[in-house]
1. Which number in (1) within 30 Å of Gly60 (Cα to Cα); (2) surrounded by 10 or more Cβ atoms within 10 Å (Cβ to Cβ) marks the one condition that Leu26 misses?
2. Return the total of residues in the range 29-44 being open to solvent by 90 Å² or more (accessible area, probe 1.4 Å) and aliphatic (A, V, I, L, M).
3. Only residues that are part of a helix (DSSP H, G or I) and more than 12 Å from the chain's Cα centre (by Cα): list them for the range 1-16, please.
4. Looking only at the range 46-65, which residues are surrounded by 10 or more Cβ atoms within 10 Å (Cβ to Cβ) and among the aliphatic types (A, V, I, L, M)?
Amino acid sequence: MLGVAALALGLVLIVEGLVYALAPQLVERMLEALRAIPPEARRTLGLLALVTGLMLVWIGKSLGA
């Protein structure tokens, strides 16, 4: 289980690192756009991303990954 968690965290860090390395100005523009969204809407988007991620993990585990 710890190996799977390390793998998942590693994959997230690779994707995040690529975004910051290849498009730092895009990250700044995205942060500015996020500041314009009300906190409740950001919270809703975060919860939606969380639920979507959980569903994708569950589907992946159901398919034998």
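1. Going through (1) within 30 Å of Gly60 (Cα to Cα); (2) surrounded by 10 or more Cβ atoms within 10 Å (Cβ to Cβ) one by one, Leu26 breaks only (1).
2. 1
3. Going residue by residue through the range 1-16, those that are part of a helix (DSSP H, G or I) are 2-16.
Within the range 1-16, Leu2, Gly3, Val4, Ala5, Ala6, Leu7, Gly10 meet the criteria.
4. Pass one, the range 46-65, residues surrounded by 10 or more Cβ atoms within 10 Å (Cβ to Cβ): 46-61.
Correct list: Leu47, Leu48, Ala49, Leu50, Val51, Leu54, Met55, Leu56, Val57, Ile59.
The values are calculated or read from the model by the stated rules, or taken from the named source; none is laboratory data. All values reported here derive from a predicted model rather than from experimental measurement. Backbone-built Cβ (ideal geometry, glycine too); neighbour counts: all protein chains shown. Note: areas computed on protein heavy atoms with side chains; ligands, DNA, RNA excluded. Shrake-Rupley method; radii C 1.70, N 1.55, O 1.52, S 1.80 Å.
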